[in-house]
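Peer 1: Please read through the structure below; I'll follow up with questions.
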Amino acid sequence: MTSVDILPGPAPVDGAPVVAASGLSAAYGTRTIWEGAEFAVAPGEFVGVLGPNGAGKSTLFRLLLGLMPPHAGTLTVLGEPPRRGNPSIGYVPQRRPLDPDVRLAGTEFVRLGLTGNRWGVGRPSDRPRVRAAVADAVRAVGAEDYADQPAGTLSGGELQRLLLAQAIIGDPRLLLLDEPLASLDVRNQVGVAQLVAGLARARGLAVLLIAHDVNPLLPFLDRVMYVAAGRITIGRPEEVITTDHLSDLYETPVEVLRDSRGRLFVVGLDEESAHPHSPHPDR
């Protein structure tokens, strides 16, 4: 039986938890992915979700989105069991390359966050409300200068901001971001991380963000959730990503180094047990 580690550390406690798990286990058929998870995520809290390929980070998101049931234990989102299509959840999946010939304007791309579940342009009486919501979401992510351009012509960082706008346009209370920093340069990674942290604080959003490189996130995270070896660990980055803790988690010698710029590097894991800095997407 594997276990879960809950490390001490202050986390925002304003209001009831947005997400709460108790004895939570995930499995595909007879194969257990992880088990015994105990955690809560508060309003306004920014949590990075780290771990090796195949450890079950995206599985956690599937549970929260109501796309699969828990294998054991309980999981709630805003006090209720997860359900498909919950409007209280904003979700940005792993980004796929966008065809340069896509002529859909960025603002129309954002509008899909409100109207993407139905055909047509909506009732005329709805249009001013939709335009105002799109403008507010675009402004919230700082994308006013290029929001009217064709989405296929935008840079990776610009498109990621519009994906965030699409995810927050419905005023969710939980934001799930699956590898939003992938394929971005360092400047844009830091910019997106800072933007997400600001949205969490300003809107009281609980944010879970899957990443393989924790370094762009370090200045902005409240806590990290490390998923590995059938266990889930949660705590402050300096508590979770340590030589002793990761060595215990993997049951093999691991060394965590910090360079002169404050970046973390994990040494001693093979390619498949990649640390939070692996470039490979989670499955």
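The values are calculated or read from the model by the stated rules, or taken from the named source; none is laboratory data. Here the structure is a predicted model, which is why all the values come from computation and not from measurement. All Cβ positions, glycine included, derive from the backbone under ideal geometry; neighbour counts span all protein chains shown.
Peer 1: Starting from residues that are surrounded by 24 or more Cβ atoms within 10 Å (Cβ to Cβ) and part of a loop (DSSP other than H, G, I, E, B), keep the ones in the stretch 37-52 and report whichever is modelled with the lowest pLDDT. Reasoning before the result, please.
Peer 2: Quick first cut of the stretch 37-52, residues surrounded by 24 or more Cβ atoms within 10 Å (Cβ to Cβ) only: 37, 41, 45-46, 48-52.
If we keep only those that are part of a loop (DSSP other than H, G, I, E, B) as well, we get 45, 51-52.
Details: Glu45: 97, Gly51: 91, Pro52: 88.
Here the answer is Pro52.
Peer 1: Just to verify a result, which residue in the stretch 53-78, among those that are at positive phi and in contact with a strand residue (DSSP E or B) (Cβ under 8 Å, 6 or more places away or on another chain), is surrounded by the most Cβ atoms within 10 Å (Cβ to Cβ)? Step through it out loud before you land on a result.
Peer 2: Our first condition is that a residue be at positive phi; within the stretch 53-78, this holds for 54, 56, 66, 73, 78.
Add one more test, that the residue is in contact with a strand residue (DSSP E or B) (Cβ under 8 Å, 6 or more places away or on another chain), and what stays is 56, 73, 78.
On the way: Gly56: 27, Gly73: 15, Leu78: 17.
Within the stretch 53-78, the match that is surrounded by the most Cβ atoms within 10 Å (Cβ to Cβ) is Gly56.
Peer 1: Which residue is modelled with the lowest pLDDT, if the candidates are limited to the stretch 140-160 and must be of a type in the set (Asp, Glu) and within 23 Å of Ala197 (Cα to Cα)? Let's see the steps before the verdict.
Peer 2: Step one: filter the stretch 140-160 for residues of a type in the set (Asp, Glu), giving 144-145, 148, 158.
From what is left, the residues that are within 23 Å of Ala197 (Cα to Cα) are 144-145, 158.
Numbers: Glu144: 96, Asp145: 96, Glu158: 93.
Applying the filter and picking the extreme gives Glu158.
Peer 1: Can you find a residue in the stretch 172-190 that is closer than 30 Å to Gly262 by Cβ, crowded, with 23+ Cβ neighbours inside 10 Å and of a type in the set (Val, Ile, Thr)?
Peer 2: no
Peer 1: If the requirement is being closer than 30 Å to Val267 by Cα and surrounded by fewer than 21 Cβ atoms within 10 Å (Cβ to Cβ), which of these qualifies: Ala228, Ala211, Ala197?
Peer 2: On the way: Ala228 fails: surrounded by fewer than 21 Cβ atoms within 10 Å (Cβ to Cβ); Ala211 fails: surrounded by fewer than 21 Cβ atoms within 10 Å (Cβ to Cβ).
Residue meeting the stated conditions: Ala197.
Each row is one residue, and each column tells you yes or no for (1) over 14 Å from Arg111 (Cα atoms); (2) under 16 Å from the mean Cα position of the chain (by Cα).
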site: Ala132; (1), (2): no, no
site: Ala137; (1), (2): no, no
site: Gly142; (1), (2): yes, no
site: Asp148; (1), (2): no, no
site: Ile168; (1), (2): no, yes
site: Leu174; (1), (2): yes, yes
site: Leu177; (1), (2): yes, yes
site: Ala200; (1), (2): yes, yes
site: Val207; (1), (2): yes, yes
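Peer 1: Just to verify a result, which residue in the stretch 112-125, among those that are surrounded by 13 or more Cβ atoms within 10 Å (Cβ to Cβ) and farther than 25 Å from Ala182 by Cβ, is modelled with the highest pLDDT?
Peer 2: Leu114
Peer 1: Report yes if some residue within the stretch 223-239 is touching a residue at least 12 places away in the same chain (Cβ under 8 Å) and assigned to a helix (DSSP H, G or I); otherwise report no. Working first, answer last.
Peer 2: Taking the stretch 223-239 as the starting set, the residues that turn out to be touching a residue at least 12 places away in the same chain (Cβ under 8 Å) are 223-237, 239.
Cutting the leftovers down to assigned to a helix (DSSP H, G or I) gives us 237, 239.
Scanning the stretch 223-239 turns up at least one residue that is touching a residue at least 12 places away in the same chain (Cβ under 8 Å) and assigned to a helix (DSSP H, G or I).
Peer 1: Being at pLDDT below 95, out of contact with any Cys (no Cβ under 8 Å at 6 or more places or on another chain) and buried (at least 22 other Cβ atoms within 10 Å of the Cβ) is the requirement here; does Gly106 meet it?
Peer 2: yes
Peer 1: Being surrounded by fewer than 17 Cβ atoms within 10 Å (Cβ to Cβ) and part of a loop (DSSP other than H, G, I, E, B) is the filter here; which residues of the stretch 240-270 pass it?
Peer 2: Glu251, Thr252, Pro253, Asp259, Ser260, Arg261, Gly262, Arg263, Gly268, Asp270
Peer 1: Any residue at all in the stretch 188-197 that is assigned to a helix (DSSP H, G or I), free of Cβ contacts under 8 Å to residues at least 60 places away in the same chain and in contact with a helix residue (DSSP H, G or I) (Cβ under 6 Å, 6 or more places away or on another chain)? Write out each step before concluding.
Peer 2: Residues of the stretch 188-197 assigned to a helix (DSSP H, G or I): 188-197.
Now restrict to residues that are free of Cβ contacts under 8 Å to residues at least 60 places away in the same chain: 188-195.
Then drop every residue that is not in contact with a helix residue (DSSP H, G or I) (Cβ under 6 Å, 6 or more places away or on another chain), which leaves 188, 192.
Yes, there is a match, as at least one residue in the stretch 188-197 is assigned to a helix (DSSP H, G or I), free of Cβ contacts under 8 Å to residues at least 60 places away in the same chain and in contact with a helix residue (DSSP H, G or I) (Cβ under 6 Å, 6 or more places away or on another chain).
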